[in-house]
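Undergrad: Pasting a structure here, questions to come.
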Amino acid sequence: MTREGTGMRTIRVLDPATVNQIAAGEVVERPASVVKELVENAIDAGARTIRIDVTSVQGGIASIRVTDDGCGMSAADAELAFAPHATSKITSIDDLFKIHTLGFRGEALASIAAVAKVTLVTKPRASTIVAGSRLVVIGGTQKEKGETGAPEGTSVLVEELFFNTPARKKFQKNLNTELARILGILEGIFLAYPQVSFRFYHNNREQLVTDRTTQPLDTIARIFGNECARELVPVSSDLPFMRISGFISRPALSRKNHDRILIAINERYISSAAITAAVKEGYGTLLPRDRFPFAFLSLAIDTRLVDVNVHPTKKQVRLSKEKEIVEAVREAVRSALSKNDLIPEFVAPRPKNRELEGVRIAATRTSLGVAETVVPYGAGAQGLPAAAIPSTVATVAPALIEPTHTGTVSTDHRLRQTELASGVPPVTAAVPAMEVIGQVGGIYILAAAPDGELIIIDQHAAHERIFYEQVSRSMAARHAQELLVPAIIHRPPKDAAILRELTSLLAEEGVVIEEFGSGSFLVRAVPAVMGKIEGPEMIDDLVSDLLSNDPARSVSDRERITRVIACRSAIKAGTVCTLEQCQRIVNQLRTTESPFTCPHGRPTMVRFSRAKLDEIFKRT
């Protein structure tokens, strides 16, 4: 409505029902929001055991009940709890800067009750009161109030969610999606509070259960499984204003998205793009750019540096020292990885049926997934002809012939480029001393460790790691060499325009490029560590990588230059090496800082333990 003759709208104060529904829209987005608010209230009430029951009918969620053994409420407090902005957790604005609870806005129950039917039953802990209190609120209006028999603690039943806001109800997803959202929220809460026992049921069927424990790793194992827990390494770091603790996965355990990077700040499960990125960056080249680790981190930060009052659901926070916090997380992850053995282990699961009794499916855990190879047991003992053995097995034999072709000279040249002043690896090398026993297909080096383990090394990935670290040191010193014959590269107009903008950056890293006619460029100098340039392909690859607008790339241009140079300069897969050359690769790998993966995150080696070999050959 407008004022007559002015065209201006009339300003009015909204009625309480409308105000409550607007508040509910901010806090209660879907059933998962209800679960989150009620579970957090239960934790704040000091509950030691919390049960969540969800029931569904005809493909939709019909009710949500959260029951706890917390402190409970008196009849007066129970009634006041449904009033907007009523809370026991803060008393003044100053308290907002030292929040130690999960809830504090005083809107959760009021907001939920504004769009649902809510039945609350509560009784104070250690009270002389015999009966508990029961209240029923529908659409923000109290309908029932009285006494009832009840255990100590609180139970909140939410039914007919969004009954009076059909538009919001219409936009709810299918049952499985809504249950997945609930479980996603509960996972973060369960991990943040291992000292609380949680029970989640759907239609009275157990879905997720954790026990009270002082060991967070036990909770991780209950939620994500023992296999996941075994691949985790601890993280710990102390700063004057923050403590970091938790677990991160070895590179062998990764996934295509970051939804297993779970962060809690002051025991509040939160979402932070900056901290998530810092965790990934802490892995450096241990993971491919499109793979993400598992991480379960708890950050205890001075509450004066954390503003949790920036989002209605309190999932996002504002950090006063975000730059320092992000750097601390990155360094804590990097430090934890550097202290642990990261060589992935070969695993061979048992046959699943009698048809496979004579065959073992051999799976190798890598950061890229699981590679399977069919390996017959005792093929020779059973008299199987060579043709009956799969090629993936028949080719696993050491190449004991010492090659003497011209390629050996080129390999020697590349190995000299990455040779350290001393050929003796440091005693603190993360990789054990190994004796090379052969090469397979010009790709894999077979080596024996002192403890009887068989180590298989990807020679290109290994030498690429060695070269990468040499290139990084060389480029840091800005060592460049001028080419006797400049290399010529040609780029289409769009790429040429971008390349012109990159020439100064490339020059800083030792790659001197000059424009040479329409779409053509002369490469006059390269980083010294690259050695002899046999053609323009390497430079062309480097430029192509820099010009790529792949959104998955999160590293700097300088880092991309380093990785391309290392990849193009390293010994290629398919290069036949002498045993002495293979040994040099292994020895050089042992001197690197991160020997477990190539710069792109692929594993450099996989180990077969003696016990695993005995199992494969039925010697156990």
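Undergrad: Filter the cross-link list Lys169/Lys280; Lys280/Lys618; Lys339/Lys612; Lys145/Lys173 down to pairs whose alpha-carbon distance in this structure exceeds 31 Å.
TA: Lys169/Lys280; Lys280/Lys618; Lys145/Lys173
Undergrad: With Cβ to Cβ distances under 14 Å as the rule, what net charge do the other residues near Ala131 carry (K, R +1; D, E -1)?
TA: +1
Undergrad: Here's something else I'd like to know. Filter the chymotrypsin sites (Phe, Trp or Tyr not before Pro) in region 437-468 down to the DSSP loop ones having no more than 10 other Cβ atoms within 10 Å, then list what survives. Intermediate values should be presented prior to the final figure.
TA: Values: sites: Tyr444, Phe467, Tyr468; in loops: none.
Within region 437-468, no chymotrypsin sites (Phe, Trp or Tyr not before Pro) qualify (loop, at most 10 other Cβ atoms within 10 Å).
Undergrad: Roughly speaking, what is the stretch gain from Arg255 to Asn204, that is 0.36 nm per residue apart minus the C-alpha to C-alpha distance, in nm to one decimal?
TA: Values: separation 51, 0.36 × 51 = 18.36 nm, distance 3.18 nm.
Separation in residues times 0.36 nm, less the Cα-Cα distance, equals 15.2 nm.
Undergrad: Compute the relative contact order of region 117-233 as a whole-number percentage, counting only Cα pairs closer than 8 Å that sit 6 or more residues apart in sequence. Kindly include the intermediate steps, with their values, before the conclusion.
TA: Values: 155 pairs, mean separation 18.2, N = 117.
In percent, rounded to a whole number, it is 16.
Undergrad: Please compute the net charge surrounding Val326, taking Lys and Arg as +1 and Asp and Glu as -1 over other residues with Cβ under 14 Å from its Cβ.
TA: Working: positive: Lys280, Arg318, Lys321, Lys323, Arg330, Arg334; negative: Glu281, Glu322, Glu324, Glu327, Glu331.
Once all neighbours under 14 Å are counted, the net charge is +1.
Undergrad: A further question follows. Between rounded, prolate and oblate, where does region 216-338 land on the alpha carbon gyration tensor, with a ≥ b ≥ c its root eigenvalues, rounded for a/c under 1.5, else prolate if a/b exceeds b/c? Before the final figure, lay out the partial values.
TA: Values: a/c = 1.63, a/b = 1.46, b/c = 1.11.
Prolate shape, in that a/c is at least 1.5 and a/b is the bigger ratio.
Undergrad: Now for a separate question. For Lys323 and Lys339 in the same chain, what is the full-extension length gain: residue separation times 0.36 nm, less their Cα-Cα distance, in nm? Intermediate values should be presented prior to the final figure.
TA: On the way: separation 16, 0.36 × 16 = 5.76 nm, distance 2.47 nm.
Result: 3.3 nm gained on full extension.
Undergrad: Using the reciprocal of the averaged 1/r over all distinct C-alpha pairs, how large is the Kirkwood radius of region 249-302 in Å? Walk me through the numbers on the way to the answer.
TA: On the way: mean 1/r = 0.0870 Å⁻¹.
Evaluated over region 249-302, this radius sits at 11.5 Å.
Undergrad: When only C-alpha pairs under 8 Å and at least 6 residues apart count, what is the relative contact order of region 203-280, in percent? Working shown, then result.
TA: On the way: 55 pairs, mean separation 12.7, N = 78.
In percent, rounded to a whole number, it is 16.
Undergrad: Sorted from fewest to most neighbouring beta carbons within 10 Å, what does the list His600, His460, His413, His490 look like?
TA: In increasing order of surrounding Cβ atoms, one gets His413, His490, His600, His460.
Undergrad: How charged is the neighbourhood of Ala274? Take every other residue with its Cβ under 14 Å from the Cβ of Ala274, and add Lys/Arg as +1 and Asp/Glu as -1.
TA: Numbers: positive: Lys280, Arg318, Lys321, Lys323, Arg330; negative: Glu281, Glu322, Glu324, Glu327.
Within the 14 Å Cβ shell, the charges total +1.
Each reported figure results from applying straightforward, stated rules to the coordinates on display, with no laboratory input. These numbers were taken from a predicted model, which means no experiment stands behind them. Note: ideal-geometry Cβ built from the backbone for every residue, glycine included; neighbour counts use all protein chains shown.
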